[in-house]
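Here is the structure we will look at.
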Amino acid sequence: ALVGMAVGIIPAAGSAVALVDGPELLSFQANAGFARRLSPQLTVGAGILRSEYLESSSRAAAAHYTEIYAGLATRHFASRIYFSPDYFQSGMETLYGEVEGTTELGRDWRLTGHLGALAYLGSAPARPNTQFDWSIAVSRAFGTLDMHGILSGRGPGRDYYYEPSRRTAFVVGASYAF
């Protein structure tokens, strides 16, 4: 039996960087979707996501893409598949699949792992047709503030800007829920 349904709209999420001259907005996302609990352990969801990357002092040009997604989630695992008809450029169709797992390490501590694969459905000039990404994150909650350290990587091939870049990075960040 179907148990409950939730509809959610996230009007915006963004990222910024602190520069000498002050903070600068780099990107934002709009997300609309729904989730339906199929059982006490399993939820299915679907939606549409729009990502905008603004022209800034650290980015030569603005870029954007839209994704339609569907997925399944349990308490500790989630998987989703995304289709984009315009991945960073008109007519560049892609499929992206991801699986994520999360476990509690202790009170307010979490360990999260992520694996993803991006497949270009048409030709992808100067790039392999499939690229992979991964991450391992440790997070600590302080009420509605979440601090995290993330080790991530990707490959093979060049990035969106057709330039070789570091394939592994360590990022420290914070998220605030309101």
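The values are calculated or read from the model by the stated rules, or taken from the named source; none is laboratory data. The structure presented is a predicted model; accordingly, all values stated were derived computationally and were not measured. Quick reminder, even Gly has a Cβ in these numbers, built from the backbone with ideal geometry, and neighbours come from all protein chains shown. For the accessible areas, the whole protein counts, side chains as well, though only heavy atoms, and no ligand, DNA or RNA atoms are used. Shrake-Rupley method; radii C 1.70, N 1.55, O 1.52, S 1.80 Å.
E24 meets all of the listed conditions (1) at pLDDT below 95; (2) open to solvent by 30 Å² or more (accessible area, probe 1.4 Å); (3) over 21 Å from A177 (Cα atoms); (4) not aliphatic (A, V, I, L, M) but one, namely (3).
For region 162-178, a tally of residues being modelled with pLDDT of 80 or more and either more than 26 Å from A61 (Cα to Cα) or exposed (fewer than 10 other Cβ atoms within 10 Å of the Cβ) (or both) returns 4. The residues in region 112-121 that are open to solvent by 60 Å² or more (accessible area, probe 1.4 Å) and part of a strand (DSSP E or B) can be counted, and the count is 1. The set of residues in region 58-67 that are in contact with a Leu (Cβ under 8 Å, 6 or more places away or on another chain) and under 18 Å from G116 (Cα atoms) comprises T66, E67.
Condition first: surrounded by 13 or more Cβ atoms within 10 Å (Cβ to Cβ) and among the hydroxyl-bearing types (S, T, Y). Now tell me which residues in region 83-104 satisfy that. Of everything in region 83-104, those that are surrounded by 13 or more Cβ atoms within 10 Å (Cβ to Cβ) and among the hydroxyl-bearing types (S, T, Y) turn out to be S84, Y87, T94, Y96, T102.
Scanning region 109-138 for residues that are out of contact with any Leu (no Cβ under 8 Å at 6 or more places or on another chain) and at pLDDT 90 or above gives W109, R110, T112, G113, H114, L115, G116, A117.
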